[in-house]
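The values are calculated or read from the model by the stated rules, or taken from the named source; none is laboratory data. Source: prediction; values computed, not measured. No Cβ is skipped: glycine too gets one built from the backbone with ideal geometry, and neighbour counts run over all protein chains shown. Accessible surface is based on the protein model in full, side chains and every heavy atom, while ligands, DNA and RNA are left aside. Shrake-Rupley method; radii C 1.70, N 1.55, O 1.52, S 1.80 Å.
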Amino acid sequence: MTTDVESNAFEETRQRRSGSWRVVLSLAYQSLGVVYGDLGTSPLYVYKSTFAEDIHHSESNEEIYGVLSFVFWTLTLVPLLKYVFIVLRADDDGEGGTFALYSLLCRHARVGFLPNGQRADEEISAYKKTDDAGAGGEASPSGLKAALERHQVLQKLLLLLALIGTCMVIGDGVLTPAISDVEVPIACLILICLFALQHYGTHRVGFLFAPIVIVWLLCISSIGVYNIFHWNPHVYQALSPYYMYKFLKKTQRAGWMSLGGILLCITGSEAMYADLGHFSQLSIKIAFTFVVYPSLILAYMGQAAYLSRHHTIANDYRIGFYVSVPEQIRWPVLVIAILAAVVGSQAIITGTFSIIKQCSALGCFPRVKIVHTSAKFHGQIYIPEINWILMILCLAVTIGFRDTKHMGNAAGLAVITVMLVTTCLMSLVIVLCWHKSIFVALSFILFFGTIEALYFSASVIKFLEGAWVPIALSFIFMLIMYVWHYGMLKKYEFDVQNKVSIDWLLSLSPSLGIVRVNGIGLIHTELVSGIPAIFSHFITNLPAFHQVLVFLCIKSIPVPHVQPEERFLVGRIGPREHRIYRCIVRYGYRDVHKDDLEFEKDLVFSVAEFIRSGTPGQNDHANEPDKVGEKMTVVGAGIRLRELNVDPDEAAGPSDSTEIQSAVKGCRKKVRFVLPASEQMNARVREELQELMEAREAGMAFILGHCYVRAKSGSGFIKRLAINVGYDFLRRNSRSPAYAVNIQHASTLEVGMVYYV
């Protein structure tokens with residue numbers, strides 16, 4: 001069942017993660033162009049935004065030293081200590097972001113809202129790998145886990161927390177590209193070009209943008225070193241945390257409010273984690289620790305050294321970074337800065353694509369088109385709809401909201417909210433996934449939560465000065481996510497409540513006027529057990545179905561990747577002679593969905609392998625039977641499917657394998673099952689495989705439900721608004737379920753049905 005392409009892709013992904021230094025350094029180089037552009041350009045705005053408050057400088061330089069001290073310790077504690085040394089370790093099999101933390105928690109405590117979860121899903125290797133990773137620590141406190149699993153309010157709160165973090169990342173994705181120091185028409189042109197480049201993929205954009213960021217970091221660090229030695233070699237004294245205390249003591253409320261400007265020094269830090277799936281943990285750590293962090297510290301120290309000797313200039317907050325640049329090179333630096341600011345937008349755009357993909361796979365965002373831009377790295381994706389929506393929103397913010405101070409306030413609030421959410425979820429991961437003591441988790445949340453809460457309070461106070469923008473954007477996106485998730489849950493509940501008994505299906509016979517036609521019929525359903533109401537609706541109007549019937553459920557589970565050999569879960573419905581099967585296809589939220597031909601081939605193979613294996617084996621999940629004893633089996637390797645578009649009378653070449661061939665003459669497509677040479681099977685199995693081959697040659701048809709979801713009579717106004725207006729609008733404007741299967745429309749039959757939920 002595993003294709004060579006997919007096997008190679010998984011192998012290359014494993015090599016990348018463990019990989020050679022050449023691969024790691026190449027990814028570290030690319031990450032400079034994708035991940036660190038936003039963080040690298042923060043010196044353009046920090047001092048300008050900080051001193052925009054009513055802060056004046058004394059001859060003692062306490063204010064300038066205080067700001068530098070805050071910047072140094074904030075950069076050291078949040079991006080370096082928290083993200084590089086702690087949060088990046090909480091990867092979900094190489095994937096990062098808010099929803100990666102949420103999916104980790106869903107696997108270790110049953111807190112997820114995916115309705116069609118099964119115990120069989122917990123047997124796949126991705127689950128076991130996570131358990132092994134957490135082994136060695138203390139057992140997770142059963143009280144915390146039990147409380148999360150028992151109280152649905154806590155589960156909803158956890159989901160809400162994950163959605164808030166996700167929506168704020170998207171809000172940041174709108175605001176960050178809009179912050180620039182150039183005129184509106186030029187800024188708009190640059191934005192259009194930036195978003196037009198996205199379809200080329202992360203690896204190409206990374207190689208294109210990385211030199212710009214490297215030149216920029218070299219530039220600001222060199223200018224920083226020059227300013228330190230030329231203006232104030234003793235500026236290193238400001239690295240003492242004592243100056244933070246003196247700064248707040250002297251400036252009081254104005255100093256506290258200025259923290260919103262200092263916060264901008266860590267904008268883009270969350271991209272290190274959000275973009276983790278595009279690169280590797282080690283490459284991101286190397287790039288930040290050895291290149292980005294030293295460059296930023298030198299740049300901020302150089303600016304402080306210059307301002308400490310130019311108090312008149314420092315008191316004019318309108319003068320930004322460029323005043324500390326030597327006059328001879330000011331124009332070239334300006335050009336590099338504009339290019340670097342454009343690159344800075346790339347980090348959060350890339351992170352937005354990753355997070356939307358995760359949300360969509362886990363049922364919290366409408367289905368969108370996912371384009372995988374790299375054959376080697378599954379995490380590198382492009383989403384056309386989201387790309388153009390982000391571009392339109394960025395242009396709207398750029399044209400209608402030109403005050404960079406206000407946009408800085410807005411971006412600051414978005415960033416610190418994401419960081420607070422990450423801290424909260426991370427503290428749960430420490431206990432439930434890493435199995436550490438609850439005191440370790442409390443220490444983590446108290447230490448980093450206090451720092452971030454301080455910055456959050458300074459940002460939210462500027463609600464009317466721009467901070468309302470990310471809140472408004474996040475509210476809109478959260479409304480979309482919640483309405484979609486609510487509609488999906490209600491639709492699934494209707495399916496469960498109205499499913500048809502298997503006895504009804506087995507009672508269908510020619511005496512009732514039911515005809516079995518040649519071919520394979522695939523009934524697409526969200527159910528993992530029982531017969532969907534859509535099928536009984538279909539039979540009522542068209543009393544015929546195929547000689548081989550497969551109830552197909554394609555679902556996402558909260559892991560990044562499912563190994564190909566674990567993807568298909570197959571079972572039989574009713575007696576063998578009915579030729580009715582159930583096939584559950586499991587994808588991780590980062591998996592590539594195959595094209596239609598490859599998918600059909602793997603599907604037929606999985607059913608054939610199930611038939612060949614005969615009696616249930618060790619991978620069976622007999623503890624999950626359907627109502628009349630249906631058992632699901634994870635099919636493995638052992639049988640191959642060969643499809644030939646040849647003359648059916650043409651003789652087959654010699655082979656050391658056993659082949660089962662169709663007896664049907666005159667068919668252009670020949671299907672053969674190739675078995676190991678030593679394979680022995682009884683006549684009933686051979687007959688069933690023969691019939692499956694003949695059905696495959698006759699063709700495959702997909703029967704899909706086209707559901708119109710409506711709130712039932714008597715529902716409240718909010719529910720009617722959410723279902724009849726919100727969910728219906730999103731359903732009509734999102735990808736249909738057929739896209740998830742990648743099937744050909746010529747072989748699709750849609751059955752319309754109204755769901756009253």
Subset tally (residues that are open to solvent by 10 Å² or more (accessible area, probe 1.4 Å) and in contact (Cβ under 8 Å) with a residue 40 or more places away in the chain) for the range 542-552: 2
Give the residue that is modelled with the lowest pLDDT, with candidates limited to residues of the range 595-627 that are in contact with a helix residue (DSSP H, G or I) (Cβ under 7 Å, 6 or more places away or on another chain), of a type outside the set (A, V, I, L, M, F, W, C) and at negative phi. Asn623
List pairs: first in the range 76-87 and of a type in the set (D, E, K, R), second surrounded by 14 or more Cβ atoms within 10 Å (Cβ to Cβ), Cβ under 7 Å, 6+ apart or cross-chain? Lys82/Phe448
Across the range 199-228, the tally of residues that are within 20 Å of Tyr293 (Cα to Cα) and among the aromatic types (Phe, Trp, Tyr) stands at 3
Scanning the range 386-410 for residues that are outside any loop (DSSP other than H, G, I, E, B), exposed (fewer than 15 other Cβ atoms within 10 Å of the Cβ) and over 21 Å from the mean Cα position of the chain (by Cα), which turns out modelled with the highest pLDDT? Ile392
Scan the range 558-599 residue by residue and report those that are in contact with a Cys (Cβ under 9 Å, 6 or more places away or on another chain) and either of a type in the set (A, V, I, L, M, F, W, C) or open to solvent by 10 Å² or more (accessible area, probe 1.4 Å) (or both). Pro558, Phe568, Leu569, Val570, Cys583, Ile584, Val585
If a residue must be touching a strand residue (DSSP E or B) at 6+ places or on another chain (Cβ under 8 Å) and surrounded by fewer than 18 Cβ atoms within 10 Å (Cβ to Cβ), how many such residues does the range 322-371 contain? 1
Restrict the check to the range 498-521 and report whether at least one residue is crowded, with 21+ Cβ neighbours inside 10 Å and either under 29 Å from the mean Cα position of the chain (by Cα) or at pLDDT 85 or above (or both). yes
Residue under question is Leu603, and the condition is that it be surrounded by fewer than 21 Cβ atoms within 10 Å (Cβ to Cβ) and over 30 Å from Ala109 (Cβ atoms); does it hold? no
Considering the range 455-477, residues that are of a type in the set (A, V, I, L, M) and open to solvent by 70 Å² or more (accessible area, probe 1.4 Å), and then whichever is nearest to the chain's Cα centre (by Cα), we arrive at Ile476
Looking at Thr525 and the list (1) modelled with pLDDT under 90; (2) surrounded by fewer than 14 Cβ atoms within 10 Å (Cβ to Cβ); (3) of a type outside the set (Asp, Glu), which single condition is not satisfied? (2)
Can you name every residue in the range 280-291 that is buried (at least 24 other Cβ atoms within 10 Å of the Cβ) and of a type in the set (Val, Ile, Thr)? Ile284
Under 8 Å between Cβ atoms, which residue pairs at least 6 apart in sequence (or on different chains) link something in the range 553-564 that is of a type in the set (D, E, K, R) with a partner that is assigned to a loop (DSSP other than H, G, I, E, B) and open to solvent by less than 20 Å² (accessible area, probe 1.4 Å)? Lys555/Asn116
Members of the range 689-712 that are without any contact (Cβ under 8 Å) to a residue 40 or more places away in the chain and open to solvent by 30 Å² or more (accessible area, probe 1.4 Å): Gln690
Could you list, in sequence order, the residues of the range 432-444 that are buried (at least 17 other Cβ atoms within 10 Å of the Cβ) and in a helix (DSSP H, G or I)? Leu432, Ala441, Phe444
Matching option when the condition is more than 30 Å from His561 (Cα to Cα), modelled with pLDDT of 75 or more and either assigned to a loop (DSSP other than H, G, I, E, B) or in contact with a Pro (Cβ under 8 Å, 6 or more places away or on another chain) (or both), among Tyr322, Tyr293: Tyr293
Of the residues in the range 296-313, those that are part of a loop (DSSP other than H, G, I, E, B) and either open to solvent by 10 Å² or more (accessible area, probe 1.4 Å) or aliphatic (A, V, I, L, M) (or both) number 2
